[in-house]
Amino acid sequence: MFNHAELFEAVAGAVGERPAFVFRRRTYTYGEIDDRVRRLANLLLDHGVTIRRERSELAPWESGQDHVGLYLYNSPEYLEGMLGACLARAVSFNINYRYVEGELRYLLEDAAPRALIYHATFAPLLDAVVSRLPERPLLLQVDDGSGVPLLDGALDYEAALAAASPARPDIELSPDDLYMLYTGGTTGMPKGTLWTQADMYDAALNFVPDVDSTSPATIAASVSKLTPSVALALPPMMHGGAQWIALGNLLGGGTVAIQDEVAKLDARDAWATIEREGVATMTIIGDAFARPLCDELERGDYDAGSLRFIINGGAILSSGVKQRLLDMLPDVLILDVAGSSETGSQLQAVSAGDKAAGQGVFSLVPGTCVVDEAMTTVLEPGHDGIGWLAKRKPIPLGYLGDREKTEKTFRLVAGERMALPGDRARLREDGRVELLGRDSVTINSGGEKIFAEEVEQALVAHDAVVDVVVVGRPSERWGQEVVAVVQLRPGSAVSDDDLLATANERIARYKLPKAIVRVDQVLRSPNGKADYRWAKSIVTPEV
């Protein structure tokens, strides 16, 4: 059990000249990043940003550490911010850079940051919000070439680091210090999920094989002997999956590549980065990422020979799109991962060679189980019926400032504390799991429970469908009726009947949409997850 900053220091001491980041053709070594992390920690400490109460004195939903918000595009500063806050015994948290003023205000009021590290382009919106906070946080503005001037009282990030002490802070770190990740808020208001750093490492960050993880020193010694692997997290690091692959690679002595274009997905830039930097692992989120990547790879001339793993999480990667990737990249292994901010990784499915794995069926990751409807019993394979997907330890402590939601999500099942974030699942006889979807977006139509994600998977199987989100809307006859918001390929002349026929090959007729709404583009959050609130606003007429 150890602290993330403690582990990073040990790894940096062992591989100081190894590339930690490559961004816009500039390489940052572990030694350089270690120096910058120490300077940031000292800067925060000089402004009183640190720990207030030890973990042992607190309830699971309480934080005794000051909070440092990261309002940043993917960049070296993102992980510097995480590790610098950690070394000061504060705790960083992610901020969705697509939020409008009201959403940003809600998040910052909930998180109560003592410091904010932000790209200059976000300064105008941030200024409108921080002026209304009870306490104005320390503002550290990162120059991003946008030309936006410093906010009143803000410090230039690079100048402040240059002026800070490079000495290792005289502070004792704890494995019980927090790691905080705000949920995406696509089905409700964002919640700050509180983990201990030790538990988060075990749940999502320790993925380097054949490493002695007894202590930071043994990990550092082990990874110093390994050839570093290069990882490219295409989704925003404000999303847990991208953050975990980047931070885990850094704590494992690897190299984190960052694409040039960070404000949006640019498929040409992604493949050029893979070719230029020798990327071995790429993370994506569903068809929204994979389709443009496939299209560009088919029409372009790229050397993707270094690529060995594509990790998908957070959204559907349809079988047809997976097969396209495998046909073009026969040496690549595609790993579908299911999990959440409350669990880390829970399920996985592997596609390799000439065959893509089906959709929605996964193998259990150790610690994952399915419990019964009443949440009292762990189910055995072959149980007849639908249960709740659950995760045994390591799991979070709770949600920041919310005892009720903490006790609802993290509860005792057969005497064991588990995380049950609301995903419905069926445990098959072969021990694999059919993931049906989040209960909060389940549609009750005519007395039948219909899982939105199951219908989405059935519709996206049609070649003409680029993207789809399924929601329920009020119906006099059914109570709720299933409606699909569909984005089709440009120029497609497919009819609704054709789409329904394809879906009916995979799901029962009563689950089929009662209506299909066509849009130019399905709106998703920057992390690729479906925006169900937006979809409901599209299909539900104003009254």
Identify all residues within the range 207-248 that are part of a loop (DSSP other than H, G, I, E, B) and surrounded by 21 or more Cβ atoms within 10 Å (Cβ to Cβ); write none if there are none. Leu234, Pro235, Pro236, Met237, Met238, His239
Condition set over 17 Å from Asp35 (Cβ atoms) and within 30 Å of the chain's Cα centre (by Cα), scope the range 153-170, selection surrounded by the fewest Cβ atoms within 10 Å (Cβ to Cβ): answer is Asp156
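Condition test on Asp336, is it outside the structural domain of Arg432 (by TED's automatic domain parsing), of a type in the set (D, E, K, R), touching a residue at least 12 places away in the same chain (Cβ under 8 Å) and farther than 26 Å from Glu453 by Cα? Give the derivation first.
Details: outside the structural domain of Arg432 (by TED's automatic domain parsing): yes; of a type in the set (D, E, K, R): yes; touching a residue at least 12 places away in the same chain (Cβ under 8 Å): yes; farther than 26 Å from Glu453 by Cα: no.
For Asp336, the condition - outside the structural domain of Arg432 (by TED's automatic domain parsing), of a type in the set (D, E, K, R), touching a residue at least 12 places away in the same chain (Cβ under 8 Å) and farther than 26 Å from Glu453 by Cα - is not met.
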Of the residues in the range 456-481, how many are touching a Pro at 6+ places or on another chain (Cβ under 9 Å) and either acidic (Asp, Glu) or crowded, with 24+ Cβ neighbours inside 10 Å (or both)? 3
Given the structure, is Met180 of a type in the set (A, V, I, L, M), under 30 Å from Arg438 (Cα atoms) and assigned to a loop (DSSP other than H, G, I, E, B)? no
Among the residues of the range 41-59, is any touching a helix residue (DSSP H, G or I) at 6+ places or on another chain (Cβ under 8 Å) and over 26 Å from Leu133 (Cβ atoms)? no
Tell me which of these Leu150 doesn't satisfy, since it passes every other one: (1) modelled with pLDDT of 95 or more; (2) closer than 23 Å to Ile51 by Cβ. (2)
Consider Thr187 carefully, then state whether it is among the polar types (S, T, N, Q), in a loop (DSSP other than H, G, I, E, B), under 16 Å from the mean Cα position of the chain (by Cα) and modelled with pLDDT under 90. yes
Filtering the range 15-34 for residues that are surrounded by fewer than 19 Cβ atoms within 10 Å (Cβ to Cβ) and outside any strand (DSSP E or B) leaves a count of 7
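Listed here are the residues, each with its yes/no results for (1) among the aliphatic types (A, V, I, L, M); (2) closer than 30 Å to Val100 by Cα.
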{"position": "Ala163", "(1), (2)": "yes, no"}
{"position": "Pro166", "(1), (2)": "no, no"}
{"position": "Pro175", "(1), (2)": "no, no"}
{"position": "Pro190", "(1), (2)": "no, yes"}
{"position": "Trp195", "(1), (2)": "no, yes"}
{"position": "Tyr201", "(1), (2)": "no, no"}
{"position": "Phe207", "(1), (2)": "no, no"}
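Could you please find all residues in the range 356-366 being touching a residue at least 60 places away in the same chain (Cβ under 8 Å) and outside any strand (DSSP E or B)? Quick ask: steps written out before the conclusion?
Pass one, the range 356-366, residues touching a residue at least 60 places away in the same chain (Cβ under 8 Å): 359-364.
Residues satisfying the conditions are Gln359, Gly360.
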Inside the range 420-436, can you point out the residues that are assigned to a strand (DSSP E or B) and either more than 22 Å from the chain's Cα centre (by Cα) or touching a residue at least 40 places away in the same chain (Cβ under 8 Å) (or both)? Asp423, Ala425, Arg426, Leu427, Val433, Glu434, Leu435, Leu436
Going by the structure shown, is Ile395 β-branched (Val, Ile, Thr), over 21 Å from Arg524 (Cβ atoms) and surrounded by 15 or more Cβ atoms within 10 Å (Cβ to Cβ)? yes
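Is one or more of the residues making up the range 334-355 in a loop (DSSP other than H, G, I, E, B), among the basic types (Lys, Arg) and surrounded by fewer than 18 Cβ atoms within 10 Å (Cβ to Cβ)? Don't jump to the end; show me each part of the working.
First pass over the range 334-355, keeping only residues in a loop (DSSP other than H, G, I, E, B): 341-343, 353-354.
Checking the rest, the ones that are also among the basic types (Lys, Arg) come to none.
No.
Is it the case, given these coordinates, that Arg509 is surrounded by fewer than 16 Cβ atoms within 10 Å (Cβ to Cβ) and either out of contact with any strand residue (DSSP E or B) (no Cβ under 7 Å at 6 or more places or on another chain) or hydrophobic (A, V, I, L, M, F, W, C) (or both)? Lay out the reasoning, then the answer.
On the way: surrounded by fewer than 16 Cβ atoms within 10 Å (Cβ to Cβ): yes; either out of contact with any strand residue (DSSP E or B) (no Cβ under 7 Å at 6 or more places or on another chain) or hydrophobic (A, V, I, L, M, F, W, C) (or both): yes.
Answer is yes for this residue.
State whether one or more residues within the range 403-415 are in contact (Cβ under 8 Å) with a residue 24 or more places away in the chain, more than 20 Å from Leu58 (Cβ to Cβ) and part of a loop (DSSP other than H, G, I, E, B). Steps first, please.
Kept after step one, since they are in contact (Cβ under 8 Å) with a residue 24 or more places away in the chain, are these residues of the range 403-415: 403, 405-406, 409-411, 413-414.
With more than 20 Å from Leu58 (Cβ to Cβ) added as a condition, the list becomes 413-414.
Right, trim to part of a loop (DSSP other than H, G, I, E, B) and you get 414.
Yes - at least one qualifying residue is present in the range 403-415.
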Kindly check whether there is at least one residue in the range 96-111 that is within 26 Å of Ala164 (Cα to Cα) and in contact with a helix residue (DSSP H, G or I) (Cβ under 9 Å, 6 or more places away or on another chain). no
Please give the helices (runs of 4 or more DSSP H) falling wholly within the range 46-152 in which 2 or more residues are charged (D, E, K, R), outside the structural domain of Glu404 (by TED's automatic domain parsing) and surrounded by fewer than 17 Cβ atoms within 10 Å (Cβ to Cβ). 101-111
Residues within the range 437-492 that are of a type in the set (D, E, K, R), over 17 Å from Lys529 (Cβ atoms) and in a strand (DSSP E or B), tallied: 4
Exactly one of Val455, Val486, Val466, Val441 is within 22 Å of Phe289 (Cβ to Cβ) and out of contact with any Lys or Arg (no Cβ under 8 Å at 6 or more places or on another chain), and that residue is Val441
Taking the range 190-228 as the search range and keeping residues that are more than 16 Å from the chain's Cα centre (by Cα), among the hydrophobic types (A, V, I, L, M, F, W, C) and at pLDDT 85 or above, which one is nearest to Lys405 (Cα to Cα)? Ala198
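The values are calculated or read from the model by the stated rules, or taken from the named source; none is laboratory data. The structure presented is a predicted model; accordingly, all values stated were derived computationally and were not measured. Note: ideal-geometry Cβ built from the backbone for every residue, glycine included; neighbour counts use all protein chains shown.
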